[in-house]
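Student: Shown below is the structure under consideration.
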Amino acid sequence: MNSGAISKRYATALLRLTLDKGSGEKVCAQVLEILHDPSSLPSPLEPDLKRFITLLVKNGRTEYLKLIFRTFVDLYCQSAGLAHVQLTSAVPSPELEQRVKAELERRTAGKVLLESEVDPSLIGGYRVEFNGIMMDASVRRQLDMLQRQFVEKNNRIV
């Protein structure tokens with residue numbers, strides 16, 4: 001079966017459950033915690049989320065857990081009128097997070113759910129993903145562009 005269809009179906013079920021019970025915001029926060037650090041579960045786990053994970057285990061769908069959770073976060077953001085933004089930076093930067101969030105809230109005239117992570121392979125700078133668009137202002141990207149230009153101009157592989 002198609003993993004996209006499975007994740008969408010389960011994520012939609014979790015969204016309906018949390019909206020009916022009024023626990024959407026708490027569940028979404030815990031899902032984001034789990035996605036950031038899968039080795040540790042938030043304590044205490046929201047009852048709706050605990051029931052949902054038990055259902056996934058019972059139905060043998062744990063291999064889709066990450067995809068289901070990502071889809072749930074997107075669906076929750078849509079239903080709550082939030083813009084889901086992913087910020088990846090080379091080093092932790094709370095100041096950058098605040099600036100990016102404030103700027104996107106200003107431009108969209110709405111609330112932003114900012115999800116940030118650190119990726120040292122960027123070397124420096126940051127990358128922002130929002131509404132299917134990626135803005136890459138990383139040193140890694142600039143070095144890749146220089147290498148590509150060098151190869152094109154010299155017609156050889158580096």
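Read-outs: derived from the displayed coordinates by stated rules, not from any lab. All figures in this text were calculated on a predicted structure; none of them were measured in a lab. Quick reminder, even Gly has a Cβ in these numbers, built from the backbone with ideal geometry, and neighbours come from all protein chains shown.
Student: By its C-alpha gyration tensor, with a ≥ b ≥ c as the square roots of the eigenvalues, how is the stretch 82-158 shaped: rounded for a/c under 1.5, else prolate for a/b larger than b/c, else oblate?
Tutor: Prolate is the answer for the stretch 82-158, as a/c is 1.5 or above and a/b outweighs b/c.
Student: Here's something else I'd like to know. What are the ³J(HN,Hα) couplings of the stretch 88-104, residue after residue, when phi is run through the Karplus curve with 6.51, -1.76, 1.60 and θ = phi - 60°? Round to Hz, x for glycine and proline.
Tutor: Per residue, the Karplus-derived 3J(HN,Hα) values read 10, 10, 6, 9, x, 8, x, 5, 4, 4, 5, 5, 5, 4, 4, 5, 5 Hz.
Student: Only Lys, Arg, Asp and Glu count, each charged at its Cβ (+1, +1, -1, -1), so figure out the dipole size of the chain about its Cα centre, rounded to 20 debye.
Tutor: Around 440 debye, computed over the chain.
Student: Pull up the cross-link candidates among the lysines for K58, meaning alpha carbon to alpha carbon under 21 Å and not fewer than 8 places away within one chain.
Tutor: Answer for K58, where 21 Å is the Cα cut-off: K8, K50, K66, listed by chain and number.
Student: Please give me the summed charge of the neighbours of L114: other residues whose Cβ is under 12 Å from its Cβ, Lys and Arg +1, Asp and Glu -1.
Tutor: With Lys, Arg at +1 and Asp, Glu at -1, the net is -3.
Student: Something else: In whole Å, how far is the Cα centre of the stretch 97-158 from that of the stretch 50-88?
Tutor: Going from one Cα centre to the other spans 25 Å.
Student: Would you work out the Kirkwood radius for the stretch 36-106? I mean one over the mean of 1/r across all pairs of different Cα atoms, in Å.
Tutor: It is 14.8 Å.
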